[in-house]
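The values are calculated or read from the model by the stated rules, or taken from the named source; none is laboratory data. All values reported here derive from a predicted model rather than from experimental measurement. Accessible surface areas use protein heavy atoms only, side chains included; no ligands, DNA or RNA. Shrake-Rupley method; radii C 1.70, N 1.55, O 1.52, S 1.80 Å.
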Amino acid sequence: MSKTIELQTNKGNIRLELDEAKAPVTVANFVSYVEKGHYDGTVFHRVIKSFMIQGGGFEPGMKQKPTDAPIQNEANNGLKNDHYTVAMARTSAPHSASAQFFINTTDNDFLNFKSESPNGWGYAVFGKVVSGQDVVDAIEGVKTGNRGGHGDVPLEDVVITKAVVV
């Protein structure tokens, strides 16, 4: 069973297919944020060419949004941080993911699960881009700089206008 989410952005639409079987906690968490409108009006706030595009936590102007409690890291589910997969962002603490997510713009093997240790947990992949890869590529190519104490921030806001369960 999989769920499909559409991220409607000011650069075009990105469709994600989520893997409920391999990442049930992560998918339920992500869908919950979608259903309550958390992602509507947020920006892709961190864009690094040949790495990833990250969103889900900030409104324009780098205003951070409140989140629910962090979830258990499911990076040990066998899914890999390959090109066009979607994974949960987190702090250095392995089980700290809440609302922020990223889309890999290349194969990022070094982000994969290695062991249940602070340095080995990796980042939980919970789905993949099934359409809108061109939109992901366009976002990856935007000019970035420093804003609000953060680096790699798009100079022009890349906004998720709406996220919906399809």
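Here are a few things to note about the model shown:
- For residue 39, no residue whose modelled amide H falls within less than 5 Å of its own remains once neighbours fewer than 5 places apart on the same chain are excluded.
- The number of Lys pairs in the chain with C-alpha atoms less than 18 Å apart, excluding pairs fewer than 8 positions apart on the same chain, is 17.
- ³J(HN,Hα) computed for each position of segment 106-121 - Karplus, 6.51 cos²θ - 1.76 cosθ + 1.60, integer Hz, glycine/proline x: 6, 6, 10, 4, 5, 8, 6, 4, 10, 6, 7, 9, x, 8, x, 4
- Coupling constants for segment 23-28 follow from the phi torsions by the Karplus curve (6.51 cos²θ - 1.76 cosθ + 1.60, θ = phi - 60°), and in residue order they are 9, x, 5, 5, 5, 4 Hz; glycine and proline get x.
- In the context of the full set of protein chains, segment 33-112 has a per residue accessible area of 41 Å² (1.4 Å probe).
- Percent carbon-and-sulfur accessible area, segment 35-166, ignoring ligands, DNA and RNA, probe 1.4 Å: 50
- Global form of the chain, assessed from the alpha-carbon gyration tensor, a/c cut-off 1.5: rounded
- Scalar couplings 3J(HN,Hα) for segment 138-153, obtained by applying the Karplus form with A = 6.51, B = -1.76, C = 1.60 to θ = phi - 60°, are 5, 5, 4, x, 6, 6, 10, x, 9, 8, x, x, 10, x, 6, 8 Hz; x denotes Gly and Pro.
- Amide H contacts of residue 127: 19, 86, each under 5 Å away and 5 or more positions distant or on a separate chain (H built 1.01 Å from N in the peptide plane; Pro and chain starts excluded).
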